[in-house]
Amino acid sequence: MCTPRPLELPLEQPPGWDEAVRLTEAADADPDPAVVDVRLEAKIATVMLDGRPTQMWTYDGVVPGPLIRARVGDTVIVRFTSSLPEPTTVHWHGVEVPAEMDGSEATQAAVPPGGSFEYRFTATKAGTFWYHPHVRSSAQVGFGLYGAIIVEDPAERAYGDDLVLVLSDVSTADAGVLAPGDQHGWFGDYFGREGGLLLVNGKRLPTVKARAGVPQRWKLVNASRARYWSLEVPNAEVLRIGGDVGLIETPQPGNGVVLTPGERAELWVKPLTPGRRSSVTAVDADRFHIGYPQPPEAVLELEVLDEPARHGAEAPSGTLREIVPPDAAAAKPRTFELMDLVDGGAGQLGINGKTYRPDEHIPVRLGDTERWEVHNSTAYDHSFHLHGYAFVPTNLAGRSWPVREWKDSINVPAKQRLELLVRFDDRPGMWMLHCHILDHVELGMMTMLQVRP
C-alpha cells in the first residue's frame, strides 16, 4: 500500500453534526485493543419508524443494528443469540471470514429460536461492510435485520470525518405495521420488493450539519432487498474514493454513483456555499430499463452553517491505494449466465440454465486464479455477489472498468457482459454466488462454489 502524506483538515465538524443519524455502536467487552468482543441479539422490538411506533425485527432493539468497529488485524468475536420466532443466521457481507463463519445455511446450521452461535474471525481488510441474515433473507432484511461493520486501517490517510450511512427501504401494510415478507407472492419475488418508505440509518429525511470547506467521508451501505440507490448531493464537491473493500486506486466522480443491493461506496464530500440547506436525493436507477424513472426523492438534508467557508482541504488526487489485480495470464476462464427460466410453467431465475439446488456445486481449486465472464441475458439488471472473496472488475460491455478496485457486489446490466478476475487464495469451503436482489434468491438465482485443495 502507498503511504501518501497526511491530509490537513481545516477544522472539526459543527457540534452535533451527525446527531440525527448517528448509529448505536456495539459495546466491546474485551479490554485488549486487538480484540473486539460484542454480544448481539436478534429480537422483535418496538422502534420509531417515521414517527410511529412499529414492531420490527432488530439487532439489539435498534434498526439498523449496532455499528461494529474493528481495525485490520483485530480478532472479532460476536456472541450471537436469537429471540426471533424463526431460525436465522448472521452473514458478514464482504468480510473475509472462514467458511464456517460465513453465516449461510450451506456452512452453518441456522440458529433456532432461543439458540446461540459464536462468530469468530480476523479482520484482514479495511473497508465498509455489513451484516444480515441468510435465512429467508428478503423477509428478514425487510423486517429490519441489517447493520454495518467498519474495518479501519490505522495507517490510512484521513479523508474527512467518517459518517456511516445505511440506506434501506421498508414496506408497510398500514401506518406502523410492516407488510408480510411474501407480499405480492411470485410477483414480489420476480420484480423485487421495494418499500415505499426510504430510510437513512433507520430515519426518514434526517439532517446532517456541515461547515463549508470541511470534508466528510460518507461510508454508504445499500441494505435494501431490491432497490438500487443513486444519491445526488447538491452544494458539495463529491468524489468516490472507496468501494466494497476499502479505497479505490484513484478518485472518481461521486455524484450519482449507483449502488446495487449489497454494494458499498465511500464518498469524499466537501460542502460548498455557507448558509444553505439542501436535499440529498435518491434518483431512480431504472433497473428495468422501462424509460420512465420515478421522480427523485429527498432522503437526507445537508445543512451548511451560515459562516465563512473554511479553506485548506484539497480534493483527493493521484493514487489513493496501489491495487495489484490477480494475474490475468494465469487465469482460467469460467462463464456464468444470469437467466430467466421456466420450470413447470412458473417463471424462475437461474444461473447457467439451472435454478439453485443445495446438492449441486461448482468445484474450484484452492490457489487458482480465474477470469469470469458474467453474462446477463435478462432484460433487467442484477446485483452479482460472491461470498468469501473479492474480485477486480476489468471490463463491462467491451469497455475497460474505469478504476482498479476490489469488489464483492456489482451490477450486471441487462443484456451485457461483465469480466472480472478472482483468486481463490485461501479459505477453502462452500461459498455462495447469487443475485443480491434478495427476492431473486427465492426464485433460484444462486449457485455454490466448493473451494478445495
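The values are calculated or read from the model by the stated rules, or taken from the named source; none is laboratory data. Quick caveat, the model's predicted, so the values are computed rather than measured. Neighbour counts are summed over all protein chains in view; Cβ atoms, including those assigned to glycine, are modelled from backbone coordinates with ideal geometry.
Tabulated data for the structure shown
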{"quantity": "Residue in the stretch 283-292 that is farther than 23 Å from Gly388 by Cβ, in a strand (DSSP E or B) and within 18 Å of the chain's Cα centre (by Cα) present", "calculated": "no"}
{"quantity": "Exclusive hit being without any contact (Cβ under 8 Å) to a residue 40 or more places away in the chain and in contact with a strand residue (DSSP E or B) (Cβ under 9 Å, 6 or more places away or on another chain), set Val238, Val233, Val258, Val269", "calculated": "Val238"}
{"quantity": "Unmet requirement for Glu322, which otherwise passes all of (1) of a type outside the set (Ser, Thr, Tyr); (2) surrounded by fewer than 18 Cβ atoms within 10 Å (Cβ to Cβ); (3) assigned by TED's automatic domain parsing to the domain that holds Leu231", "calculated": "(3)"}
{"quantity": "Single residue of Asp408, Asp381 found to be among the acidic types (Asp, Glu), in contact with a His (Cβ under 7 Å, 6 or more places away or on another chain) and assigned by TED's automatic domain parsing to the domain that holds Glu337", "calculated": "Asp408"}
{"quantity": "Matching entry among Arg217, Arg204, Arg287 (being crowded, with 21+ Cβ neighbours inside 10 Å and either touching an Asp or Glu at 6+ places or on another chain (Cβ under 9 Å) or within 23 Å of His436 (Cα to Cα) (or both))", "calculated": "Arg287"}
{"quantity": "Matching residues, the stretch 362-382, being crowded, with 16+ Cβ neighbours inside 10 Å and over 13 Å from Val412 (Cβ atoms)", "calculated": "Val364, Asp368, Thr369, Glu370, Arg371"}
{"quantity": "Test: residue in the stretch 97-105 that is at pLDDT below 95 and of a type in the set (D, E, K, R)", "calculated": "yes"}
{"quantity": "Checklist (1) of a type in the set (A, V, I, L, M, F, W, C); (2) over 30 Å from Asp306 (Cα atoms); (3) modelled with pLDDT of 95 or more applied to Leu49, failing item", "calculated": "(3)"}
{"quantity": "Restricting the stretch 374-418 to residues that are charged (D, E, K, R) and out of contact with any Pro (no Cβ under 7 Å at 6 or more places or on another chain), the residue that is farthest from Leu247 (Cα to Cα)", "calculated": "Lys415"}
{"quantity": "Strands (runs of 3 or more DSSP E) enclosed by the stretch 335-381 - at least 1 residues per element that are at negative phi, of a type in the set (A, V, I, L, M, F, W, C) and modelled with pLDDT under 95", "calculated": "346-351"}
{"quantity": "Top-ranked residue of the stretch 247-257 - restricted to ones that are β-branched (Val, Ile, Thr) and in a strand (DSSP E or B), ranked as surrounded by the fewest Cβ atoms within 10 Å (Cβ to Cβ)", "calculated": "Thr250"}
{"quantity": "Test for Asp30: is it on the phi > 0 side of the Ramachandran plot, among the charged types (D, E, K, R) and in contact (Cβ under 8 Å) with a residue 24 or more places away in the chain", "calculated": "no"}
{"quantity": "The one condition in (1) surrounded by 23 or more Cβ atoms within 10 Å (Cβ to Cβ); (2) more than 30 Å from Gln348 (Cβ to Cβ) that Ala175 fails to fulfil", "calculated": "(1)"}
{"quantity": "Whichever residue in the stretch 44-74 is of a type outside the set (A, V, I, L, M) and more than 22 Å from the chain's Cα centre (by Cα) and, among such residues, is farthest from Gly196 (Cα to Cα)", "calculated": "Thr46"}
{"quantity": "Lone qualifier among Ala298, Ala265 - being modelled with pLDDT of 95 or more, under 17 Å from the mean Cα position of the chain (by Cα) and among the hydrophobic types (A, V, I, L, M, F, W, C)", "calculated": "Ala265"}
{"quantity": "Verdict on Leu438 being touching a helix residue (DSSP H, G or I) at 6+ places or on another chain (Cβ under 7 Å), of a type outside the set (Gly, Ala, Ser) and in contact (Cβ under 8 Å) with a residue 60 or more places away in the chain", "calculated": "yes"}
{"quantity": "2 or more residues surrounded by fewer than 16 Cβ atoms within 10 Å (Cβ to Cβ): qualifying strands (runs of 3 or more DSSP E) within the stretch 8-117", "calculated": "35-49, 52-59, 75-82"}
{"quantity": "Residue list for the stretch 100-154, filter: free of Cβ contacts under 8 Å to residues at least 24 places away in the same chain and within 19 Å of Ile68 (Cα to Cα)", "calculated": "Met101"}
{"quantity": "Condition met for Leu205 (in contact with a Phe, Trp or Tyr (Cβ under 8 Å, 6 or more places away or on another chain), outside the structural domain of Phe80 (by TED's automatic domain parsing) and under 30 Å from Gly254 (Cβ atoms))", "calculated": "no"}
{"quantity": "So Val90, is it under 16 Å from Ala109 (Cα atoms), at pLDDT 95 or above, touching a strand residue (DSSP E or B) at 6+ places or on another chain (Cβ under 6 Å) and of a type outside the set (S, T, N, Q)", "calculated": "yes"}
